[in-house]
């Protein structure tokens, strides 16, 4: 197991379970149809726990380009590793979303709402206001990265982890993401992760799904640039405070 493979696998499980719960809640004729935001945010938090547990011993379980960039800005991660980590995260996210589509294919076919179909793959704003939506992603990701920097050692060793999380240590990250979803996620769906949003959005564009609608490329830059800005600000503040 290499860090590259670990990031692919960890991010794969993150999106498999995270995208899976969205499909289970929003698509027609599923067992959990229309069960709401609490189900979605709880499962996303647990998805983070699973991804971190799997990947942490080998890569530190960033599972998110914003986390990798934020750690690098804070001087806690080698910039030279950011491209490989980010590439792995996008691969894992795309694979995870593809499997969700395969698994829920029958339910996609009986769902007429094109926006709900796309919601399984990527986020969208509750009220479309580019500046406000951008700030929401900045704030959500700032909270994620800044707190992660405080309750992990953020150090990398040859045999250890880039963030220092074991299976029990993954719980704080899960609770953090759950809290962000419940408190800050109502505006944009809290992508807080460029790979989580853009990777599956690309998959949505490529799969041969009937009546899937557009991909909302005009919005797609917000859940990419917003998290990068938020993570960078968190890293810079960490540097200033230390």
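The values are calculated or read from the model by the stated rules, or taken from the named source; none is laboratory data. These figures come from a predicted structure and were not determined experimentally. Every residue, glycine among them, receives a Cβ derived from its backbone with ideal geometry; neighbour counts consider all protein chains shown.
Given the residues 28, 33, which is the only one that is without any contact (Cβ under 8 Å) to a residue 24 or more places away in the chain and not in a helix (DSSP H, G or I)?
Details: 28 fails: without any contact (Cβ under 8 Å) to a residue 24 or more places away in the chain.
Of the residues listed, the single one that is without any contact (Cβ under 8 Å) to a residue 24 or more places away in the chain and not in a helix (DSSP H, G or I) is 33.
Looking only at segment 133-151, filter to residues that are over 16 Å from the mean Cα position of the chain (by Cα) and surrounded by 22 or more Cβ atoms within 10 Å (Cβ to Cβ); which one of those is modelled with the highest pLDDT?
The selected residue is 133.
Return the total of residues in segment 1-31 being closer than 19 Å to residue 189 by Cα and more than 12 Å from the chain's Cα centre (by Cα).
Of the residues in that region, 8 qualify.
Select from segment 49-66 the residues that are in a helix (DSSP H, G or I) and within 14 Å of residue 84 (Cβ to Cβ) and write down the one among them that is farthest from the chain's Cα centre (by Cα). Explain how you work it out, then say what you get.
Initially, segment 49-66 is screened for residues in a helix (DSSP H, G or I), giving 49-59, 65-66.
Within this subset, residues satisfying the condition of being within 14 Å of residue 84 (Cβ to Cβ) are 55, 58-59, 65.
Numbers: 55: 15, 58: 19, 59: 16, 65: 9 Å.
Ranking the candidates gives 58 first.
Considering each residue of segment 210-227, count those that are part of a helix (DSSP H, G or I) and surrounded by fewer than 18 Cβ atoms within 10 Å (Cβ to Cβ), and give that number.
Taking segment 210-227 first, the residues part of a helix (DSSP H, G or I) are 222-227.
Next, from what is left, pick out any that are surrounded by fewer than 18 Cβ atoms within 10 Å (Cβ to Cβ): 225.
Qualifying residue count for the region: 1.
Go over the candidates 125, 130 one by one and state the one that is modelled with pLDDT of 95 or more, within 19 Å of the chain's Cα centre (by Cα) and surrounded by fewer than 20 Cβ atoms within 10 Å (Cβ to Cβ). First the steps, then the outcome.
Values: 130 fails: within 19 Å of the chain's Cα centre (by Cα).
Of the residues listed, the single one that is modelled with pLDDT of 95 or more, within 19 Å of the chain's Cα centre (by Cα) and surrounded by fewer than 20 Cβ atoms within 10 Å (Cβ to Cβ) is 125.
Can you say whether residue 70 is assigned to a helix (DSSP H, G or I), within 14 Å of residue 14 (Cβ to Cβ) and touching a residue at least 40 places away in the same chain (Cβ under 8 Å), as far as the supplied structure shows? Break it down stepwise before answering.
Numbers: assigned to a helix (DSSP H, G or I): yes; within 14 Å of residue 14 (Cβ to Cβ): no; touching a residue at least 40 places away in the same chain (Cβ under 8 Å): yes.
No; evaluated as a whole, the condition is false for this residue.
Conditions (1) on the phi > 0 side of the Ramachandran plot; (2) buried (at least 20 other Cβ atoms within 10 Å of the Cβ), marked per residue:
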| position | (1), (2) |
| --- | --- |
| 15 | no, yes |
| 37 | no, no |
| 46 | no, no |
| 61 | yes, yes |
| 66 | no, yes |
| 83 | no, no |
| 91 | no, no |
| 102 | no, no |
| 105 | no, no |
